[in-house]
Amino acid sequence: MIETDTMQLHKLVEEALPELDTMIGWAAGEDALHTTPIFIRGAKSIPRLIWSPFCAQNLTGYLVKPPALKPADKHKQIGICVKGCDSRSLVALIQEKFITRDRLRIFGIPCRGTVDWRKVMRQVRLSHVRSAKVEDNRLIVDDAGGTHKLNLEDVLARKCLRCLYPNPVVYDVLVGEPTVSRIKPEDIYRDVDALEKRPLEERLAFWQSELDRCMRCYACRNACPLCVCQEHCIAETRDPKWLTLRMGIPEKFLFHFIHAMHLAGRCTECGECERVCPMEIPVTLMKEKLNKIMEEMLGYVAGLDPTAIPPLLTFNPSETGV
Amino acid sequence: MAGKIFIAIDRLTLALDKLSAKIDLWIPASLQTDNRELTEFVPYHAGMVPILDRQTTLPPKKILLPQVETLLRFEHRKDPQNPLKVSVSLDDKSEVRPALVFGARPCDVKGFLTLDRVFTNGPYVDPYYLERRRNTLFATLVCLQADGTCFCSSVGSGPADTEGSDFRVIPVDGGYVVDALTQKAQSLIDSLGDTPTQHQEAQARQVVEEASQHRVGDLDLTGSAEAFRKRFANDDYWQEMTAQCLSCGICTYVCPTCYCFTITDEIENMRGERLRSWDSCMFYQYTLEASGHNPRPSKLNRYRNRAGHKFSYIPEKYDGLIGCCGCGRCIRSCPVSIDIRQIVGRLKENACESE
Amino acid sequence: MTDPNPYSSAALAEAAEQGIKIAGFLCNWCSYGGADTAGVCRFKQPTDLRIVRIPCTGRMDPLFVAKSLIYGVDGVLVSGCHPKDCHYAVGNLYARRRLEMLKSFLSFMGIDARRFHYTWVSASEGQRWQQVVTEFSEQIHRLGANPGVRKQPGENLKPVGGQKEAPIP
């Protein structure tokens with residue numbers, strides 16, 4: 001139950017807070033469909049913490065993005081709330097030694113999926129949303145136009161519909177009851193497969209029309225917890241100059257190639273890139289394909305084993321190839 | 001009563017077709033029709049249906065300030081008789097055609113007032129922007145679709161504001177009453193529709209009256225310049241307000257009043273072009289200096305600058321003009337729900353609550 | 001003045017006149033040596049290949065291939081030492097994974113993966129080098145010039161409402 005989970009979360013955080021330097025969680029956003037990350041240092045702010053199907057943000061990026069959290073006390077841990085997908089990002093960060101496991105106090109929350117507000121708006125043009133909750137597989141939204149009841153599966157984010165890891169894979173404390181995945185393992189690449197079935201020219205036309213909308217705002221890169229290069233990203237450097245500032249399709253293609261391929265074998269499909277894109281480009285789809293290649297070629301799935309090395313950063317002499 | 005016509009909803013595309021024969025037309029539409037929430041201003045083609053029931057995701061800013069613009073082209077030529085002699089030819093021709101933006105909202109058009117002050121006032125006038133500005137007309141809707149994140153009234157505007165518009169498009173039963181507000185607009189309006197009936201005129205007046213009274217946004221964010229100055233050095237406040245920021249830059253790209261740009265030369269061998277493209281004060285590189293020093297190294301500095309620019313520096317430099325039109329796009333598009341209304345609204349609070 | 005934008009129709013036409021261009025990334029120790037051996041033995045080869053010498057295929061960033069194909073190079077060939085025979089011991093073992101991944105990904109993005117080929121040629125295999133270059137060059141000629149993704153935005157996009165979109169200024 002969402003409400004009891006939130007109360008349990010408050011209680012657990014209250015107990016842990018004296019040992020934590022900062023607690024990172026979610027608080028209410030500009031309306032009932034949105035949340036915003038919150039950084040708690042004092043017990044006074046704990047009541048603002050929420051857990052709901054609207055807690056879409058992946059908070060793990062704040063552990064490593066410049067300026068990273070400057071904890072006042074290096075001997076204390078950092079508390080963080082993670083859903084199943086976010087916990088895999090944590091594992092990926094630990095794998096690449098961006099953060100150590102013992103520095104974290106992980107509040108793992110099993111998740112039944114987060115709501116994509118754009119999908120809601122496509123079904124109902126909402127205005128002045130007053131309240132929103134999920135009940136019995138339905139989203140119930142109250143706005144200026146009345147009460148609307150929507151099928152939950154129609155409004156969940158695309159990444160949630162194909163999620164195999166709804167329960168955190170790493171945690172110190174579990175908040176709520178473990179849950180089951182909505183999809184069978186053999187179906188998780190269905191979106192990739194659907195595109196692969198189409199002929200080459202259609203695939204190119206698809207990506208040309210999708211990427212043409214790209215504004216190179218770099219939100220996808222900035223939202224990604226593993227894209228830590230930030231201001232040194234080669235997509236923006238002028239020396240060496242990989243990309244001009246022209247807004248042609250080759251530039252947009254190359255930017256997305258750079259972004260996706262630097263995540264090959266590392267991306268844990270947290271879906272933030274696609275969620276933040278203001279132009280609704282299916283950014284995660286490219287990484288899903290790369291992950292599918294990794295799984296088929298090398299049997300590797302990112303973000304599960306903190307001791308594993310991402311496959312493109314290593315080699316195996318006995319592998320057969322060309 | 002010249003200058004007013006009524007266009008029935010089912011004859012709107014016909015009217016737009018006629019209009020597009022006289023002038024380049026831009027309308028709010030969906031770029032790809034399959035199932036997206038995304039809308040923006042696109043060039044009109046025969047038969048397109050404008051989307052007028054919602055604010056567009058992207059403002060019409062790019063029509064007057066394109067995301068990438070070629071300022072000039074240059075080519076180096078070597079003299080085969082004298083290899084040491086290299087000549088440079090320059091070409092800064094730009095082709096600007098008259099255009100009409102149909103279906104903008106007061107907030108969209110208000111944004112251009114800030115850009116006008118920056119690009120066309122004072123001793124240094126931007127000829128590229130100026131030419132586009134002079135050649136573009138705006139037919140602005142009376143906005144009846146404000147939602148929870150709109151706040152145009154909070155910044156001194158409102159849903160019936162016509163500042164900067166050439167036409168006013170008033171939704172009435174069964175269609176729109178279009179009112180030409182400027183000389184240029186008068187000449188375009190002929191034969192696009194019928195003279196409005198008495199009833200339609202009365203209804204139009206009522207719609208405008210109600211919209212003018214309707215307050216969009218509870219806070220009053222005007223006159224925040226001094227409060228901003230007082231709170232400038234309060235790092236705790238800004239740290240709390242900006243901790244979630246990803247420095248992604250979406251807010252600046254969807255904002256009708258943001259105009260920061262960078263100029264780069266893109267050179268291939270002997271020829272090249274000088275491009276002016278959108279930049280964002282939210283990016284680290286924006287203030288990065290050649291020495292490596294950066295006066296705004298953290299997102300705290302950068303966001304504080306953004307809020308200050310819109311609500312303090314622009315009002316102080318341009319006689320009280322607020323550099324924000326209250327469209328709310330930054331709030332809607334922000335991946336972490338940073339709300340500029342909260343941040344500026346709380347500036348006037350006295351104490352900073354520390355935990 | 002000619003349009004300095006290298007992706008304008010005029011620039012594309014000019015590039016097309018120059019014929020098929022194939023980029024070759026050869027590792028300094030084995031494959032570059034192999035190409036040299038082929039030259040010393042005067043083996044006849046097609047002249048479309050433009051060679052870039054890299055110290056090792058481990059230096060091969062898959063993005064070199066991606067950028068080449070996106071921006072209109074007609075074919076890309078990568079060649080290095082045989083696996084387990086790398087001059088730097090393990091460079092080509094990294095390369096093998098990266099380039100294999102790239103082949104599949106290029107195809108997914110709509111770029112013809114037949115325009116990219118990677119192989120292992122040692123310094124003494126001059127005849128084999130001739131064969132590799134000849135076969136790959138023939139393949140690229142069969143595929144023709146690379147239309148790639150070079151088209152200006154607005155061309156070959158899905159039309160909206162049955163009308164073709166004008167380029168967005």
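Between residues in the stretch A:132-152 that are within 17 Å of A:Ile2 (Cβ to Cβ) and residues that are of a type in the set (S, T, N, Q) and surrounded by 17 or more Cβ atoms within 10 Å (Cβ to Cβ), which pairs lie under 9 Å by C-beta distance while being six or more apart or on different chains?
A:Ala132/A:Ser52; A:Lys133/A:Ser52; A:Val134/A:Ser52
Take the residues of the stretch A:24-76 that are among the polar types (S, T, N, Q) and part of a loop (DSSP other than H, G, I, E, B): which is nearest to the other protein chains (Cβ to nearest Cβ)?
First, the residues of the stretch A:24-76 that are among the polar types (S, T, N, Q): A:35-36, A:45, A:52, A:57-58, A:60.
Narrowing further to those that are part of a loop (DSSP other than H, G, I, E, B): A:52, A:57-58.
On the way: A:Ser52: 13, A:Gln57: 6, A:Asn58: 10 Å.
The residue in question is A:Gln57.
Any idea which of A:Gly176, A:Gly248, A:Gly265, A:Gly271 is buried (at least 16 other Cβ atoms within 10 Å of the Cβ), at positive phi and within 14 Å of chain C (Cβ to nearest Cβ)?
Details: A:Gly176 fails: within 14 Å of chain C (Cβ to nearest Cβ); A:Gly248 fails: at positive phi; A:Gly271 fails: within 14 Å of chain C (Cβ to nearest Cβ).
That would be A:Gly265, the only listed residue that is buried (at least 16 other Cβ atoms within 10 Å of the Cβ), at positive phi and within 14 Å of chain C (Cβ to nearest Cβ).
Out of all the residues in the stretch B:79-96, which are without any contact (Cβ under 8 Å) to a residue 12 or more places away in the chain and either within 26 Å of B:Asn135 (Cβ to Cβ) or charged (D, E, K, R) (or both)? Give the derivation first.
Within the stretch B:79-96, the subset without any contact (Cβ under 8 Å) to a residue 12 or more places away in the chain is B:79-87, B:93, B:95.
The answer is B:Asp79, B:Lys85, B:Lys93, B:Glu95.
May I ask you to verify whether B:Phe232 is closer than 14 Å to B:Asn305 by Cα and surrounded by 20 or more Cβ atoms within 10 Å (Cβ to Cβ)? Full working, then the answer.
Numbers: closer than 14 Å to B:Asn305 by Cα: yes; surrounded by 20 or more Cβ atoms within 10 Å (Cβ to Cβ): no.
Criteria not met by B:Phe232.
What about A:Glu202, is it farther than 23 Å from A:Leu156 by Cβ and of a type outside the set (Phe, Trp, Tyr)?
Values: farther than 23 Å from A:Leu156 by Cβ: yes; of a type outside the set (Phe, Trp, Tyr): yes.
Considered against the rule, which asks whether it is farther than 23 Å from A:Leu156 by Cβ and of a type outside the set (Phe, Trp, Tyr), A:Glu202 comes out as yes.
Restrict the check to the stretch B:70-80 and report whether at least one residue is buried (at least 20 other Cβ atoms within 10 Å of the Cβ), on the phi < 0 side of the Ramachandran plot and under 16 Å from the mean Cα position of the chain (by Cα).
Residues of the stretch B:70-80 that are buried (at least 20 other Cβ atoms within 10 Å of the Cβ), as a first pass: B:70.
Imposing the further condition that a residue be on the phi < 0 side of the Ramachandran plot reduces the set to B:70.
Keeping just the survivors that are under 16 Å from the mean Cα position of the chain (by Cα) gives none.
There is no residue in the stretch B:70-80 that is buried (at least 20 other Cβ atoms within 10 Å of the Cβ), on the phi < 0 side of the Ramachandran plot and under 16 Å from the mean Cα position of the chain (by Cα).
Is it the case, given these coordinates, that A:Val120 is in a helix (DSSP H, G or I) and within 18 Å of A:Ala302 (Cβ to Cβ)?
Working: in a helix (DSSP H, G or I): yes; within 18 Å of A:Ala302 (Cβ to Cβ): no.
No.
Testing A:Ala132 on (1) in contact with a helix residue (DSSP H, G or I) (Cβ under 7 Å, 6 or more places away or on another chain); (2) crowded, with 17+ Cβ neighbours inside 10 Å, one condition comes back false. Which one is that?
Just one mismatch for A:Ala132, condition (1).
Just checking, does the stretch A:282-297 include any residue being in a loop (DSSP other than H, G, I, E, B) and in contact with a helix residue (DSSP H, G or I) (Cβ under 7 Å, 6 or more places away or on another chain)?
Yes: the stretch A:282-297 contains one or more residues that are in a loop (DSSP other than H, G, I, E, B) and in contact with a helix residue (DSSP H, G or I) (Cβ under 7 Å, 6 or more places away or on another chain).
Could you grab me the full set of residues in the stretch A:211-232 that are touching a Pro at 6+ places or on another chain (Cβ under 7 Å) and crowded, with 22+ Cβ neighbours inside 10 Å?
Of everything in the stretch A:211-232, those that are touching a Pro at 6+ places or on another chain (Cβ under 7 Å) and crowded, with 22+ Cβ neighbours inside 10 Å turn out to be A:Asp212, A:Cys217, A:Ala219, A:Ala223.
Identify all residues within the stretch A:208-226 that are more than 7 Å from chain B (Cβ to nearest Cβ) and under 29 Å from B:Leu31 (Cα atoms); write none if there are none. So that I can check it myself, show each step before the final result.
Pass one, the stretch A:208-226, residues more than 7 Å from chain B (Cβ to nearest Cβ): A:208, A:210-212, A:214, A:216, A:220-221, A:224-226.
Selection gives A:Gln208, A:Glu210, A:Leu211, A:Asp212, A:Cys214, A:Arg216, A:Cys220, A:Arg221, A:Cys224.
Name the residue, out of B:Leu38, B:Leu25, B:Leu16, that is within 26 Å of B:Arg329 (Cβ to Cβ), touching a Ser or Thr at 6+ places or on another chain (Cβ under 9 Å) and hydrophobic (A, V, I, L, M, F, W, C). If you could, list the steps in order and put the result at the bottom.
On the way: B:Leu25 fails: touching a Ser or Thr at 6+ places or on another chain (Cβ under 9 Å); B:Leu16 fails: touching a Ser or Thr at 6+ places or on another chain (Cβ under 9 Å).
Going through B:Leu38, B:Leu25, B:Leu16 in turn, the sole match is B:Leu38.
List the helices (runs of 4 or more DSSP H) inside the stretch B:189-302, counting only whole elements, that have at least 3 residues being at pLDDT 90 or above and under 30 Å from B:Ala15 (Cβ atoms).
Working: elements: B:198-213, B:225-231, B:235-242, B:250-254.
Helices (runs of 4 or more DSSP H) meeting the threshold: B:198-213.
Provide a single number: the residues in the stretch C:27-79 that are part of a loop (DSSP other than H, G, I, E, B), within 14 Å of chain A (Cβ to nearest Cβ) and among the β-branched types (Val, Ile, Thr).
Residues in the stretch C:27-79 being part of a loop (DSSP other than H, G, I, E, B), within 14 Å of chain A (Cβ to nearest Cβ) and among the β-branched types (Val, Ile, Thr): 1 in total.
Scan the stretch C:84-98 for residues that are at the interface with chain A (Cβ under 8 Å from one of its Cβ atoms) and part of a helix (DSSP H, G or I) and jot them down.
Here is the first cut: in the stretch C:84-98, the ones at the interface with chain A (Cβ under 8 Å from one of its Cβ atoms) are C:84, C:90, C:93-94, C:96-98.
Those that are at the interface with chain A (Cβ under 8 Å from one of its Cβ atoms) and part of a helix (DSSP H, G or I): C:Leu93, C:Tyr94, C:Arg96, C:Arg97, C:Arg98.
State the number of residues belonging to the stretch A:227-241 that are in contact with a helix residue (DSSP H, G or I) (Cβ under 7 Å, 6 or more places away or on another chain) and more than 12 Å from chain B (Cβ to nearest Cβ).
1
Looking at (1) surrounded by fewer than 20 Cβ atoms within 10 Å (Cβ to Cβ); (2) closer than 27 Å to A:Gln57 by Cβ, which is the one condition that is false for A:Gly299?
(2) is the only condition that A:Gly299 fails.
Pick from B:Leu25, B:Leu14, B:Leu19: which is more than 9 Å from chain C (Cβ to nearest Cβ), surrounded by 13 or more Cβ atoms within 10 Å (Cβ to Cβ) and assigned to a strand (DSSP E or B)? Before you say what the answer is, go through the steps one by one.
Details: B:Leu14 fails: assigned to a strand (DSSP E or B); B:Leu19 fails: assigned to a strand (DSSP E or B).
Exactly one of B:Leu25, B:Leu14, B:Leu19 is more than 9 Å from chain C (Cβ to nearest Cβ), surrounded by 13 or more Cβ atoms within 10 Å (Cβ to Cβ) and assigned to a strand (DSSP E or B), namely B:Leu25.
Matching residues to (1) hydrophobic (A, V, I, L, M, F, W, C); (2) in contact with a His (Cβ under 8 Å, 6 or more places away or on another chain); (3) within 8 Å of chain A (Cβ to nearest Cβ):
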site	(1), (2), (3)
B:Met241	yes, no, no
B:Gly272	no, no, no
B:Met282	yes, no, no
B:Pro297	no, no, yes
B:Phe311	yes, no, no
B:Ile314	yes, no, no
B:Ile331	yes, no, yes
B:Val336	yes, no, yes
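Output the residues belonging to the stretch B:141-194 that are surrounded by fewer than 22 Cβ atoms within 10 Å (Cβ to Cβ), within 14 Å of chain A (Cβ to nearest Cβ) and not small (Gly, Ala, Ser).
Those that are surrounded by fewer than 22 Cβ atoms within 10 Å (Cβ to Cβ), within 14 Å of chain A (Cβ to nearest Cβ) and not small (Gly, Ala, Ser): B:Leu144, B:Gln145, B:Asp147.
Residues that are under 30 Å from B:Gln203 (Cβ atoms): find the strands (runs of 3 or more DSSP E) completely inside the stretch B:65-174 holding 2 or more of those. Working first, answer last.
Details: elements: B:68-79, B:82-91, B:99-104, B:136-141, B:167-172.
Strands (runs of 3 or more DSSP E) meeting the threshold: B:99-104, B:136-141, B:167-172.
The values are calculated or read from the model by the stated rules, or taken from the named source; none is laboratory data. On a predicted model such as this, the values are computed, not experimentally measured, just so you know. So basically every Cβ, Gly included, is an ideal-geometry build from the backbone, and we count neighbours across all protein chains shown.
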